[in-house]
Amino acid sequence: MKKADNIKRSVCLLAVVLMMGACGKAETTDTSAADTTAAESSVEETSAAESTEKESEEETKEEETKEESSEESTKAEETEAPEREESSVSSTETTSKETEASSEAAPTTEAVPETSPETVPETTAPQSTGKGVKEIYGEITQKVALVSPMVVPDEYIANYYGIDLGSLDEYVFSMSEQAISAETVAILKAKDAGSTGTLSAALQTVIDQKRSEMENYLPDQFQIVDRSTVQVKGNYVYLVISDKADAINQIIQAGIQ
C-alpha cells in the first residue's frame, strides 16, 4: 500500500512539475510575442517618421523650385517689357507714315452740292374768317358811309316781311331812316340750308316793295333798287340796296367765306 501511495505521489509531483514547465513556456512565448509586436510597432513608427521627413524635404524643395521659377519669369517679363515698348513705338511710327503716304497719294475730290427738287408752292383754298353777321355789319359801317342806317326791330321784320326769326342763327336787318333813301343791308344766316329758299323769297319781297315806292317819286333810287338782287351762299342769304353796293357786297363775301 505504501508503495502504491508513493507511486501516486510521484506521479502527482511529476504532473505538477510538467504543468509548471508548461506554464513557464507559455509565459515565455507570450513575452516574446509582446516583444516582437513592440519591436514591429517601433520599426513602423520609425519608418513613418522617416517618410514624413522625406515628404517635408520634398515640399521644401518644390517651394524653392517654384520661387526660383517665379523669379526667372519676373526677370523675363522685365526684360521683355522694353522690347514691347520699342516694338509698339516702331509700329506706331510705321502706321503714321503709311497714313501720311496714303493721304498724299489719294486724289482730292470736290464736294458736289446736292440738287434738291424744285418745291412747288401749295395752293390752299381760302379759309373761313369765322366772322359773325354782326361783326360783318360793324365792318361795313366803319368802311362805307351809309345813309342814316337804322337796325330794324324784330317785330317789323317778322310782321312786315314774314321772316321766321326762329329759323335764323344770326341776322342783321338795316334800313335808312331817310324816306328819300332806299338803302338797305340785310344779312341772314339760316340754321338749316333748307330754309334759304324761304328767306330768299322774303328778301325779294323787300326789293319789290322798294321798287314800287320809288318808281314814281324817286327815279334815281328806283334805279338803285332795280339793280339789286338777293344773294345766297351756303347758309347765308343777303341783300344790299345802295349806290355803294359793290363795296358792301365785297365786305360781306369776305366775311362769310
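Bear in mind that the values in this text are calculations on the coordinates, not laboratory data. As the structure is a prediction and not an experimental result, all values here were calculated from the model. Methodologically, a virtual Cβ is constructed for each residue, glycine included, from the backbone with ideal geometry; neighbour enumeration extends over all protein chains shown.
Say we look at region 135-154 and pick out the residues that are out of contact with any Asp or Glu (no Cβ under 6 Å at 6 or more places or on another chain) and part of a loop (DSSP other than H, G, I, E, B); which of these is farthest from Gln250 (Cα to Cα)? Here the residue is Pro153. So, in region 132-164, exactly how many residues are surrounded by 13 or more Cβ atoms within 10 Å (Cβ to Cβ), more than 25 Å from Gly194 (Cβ to Cβ) and among the small types (Gly, Ala, Ser)? Number of matching residues: 1.
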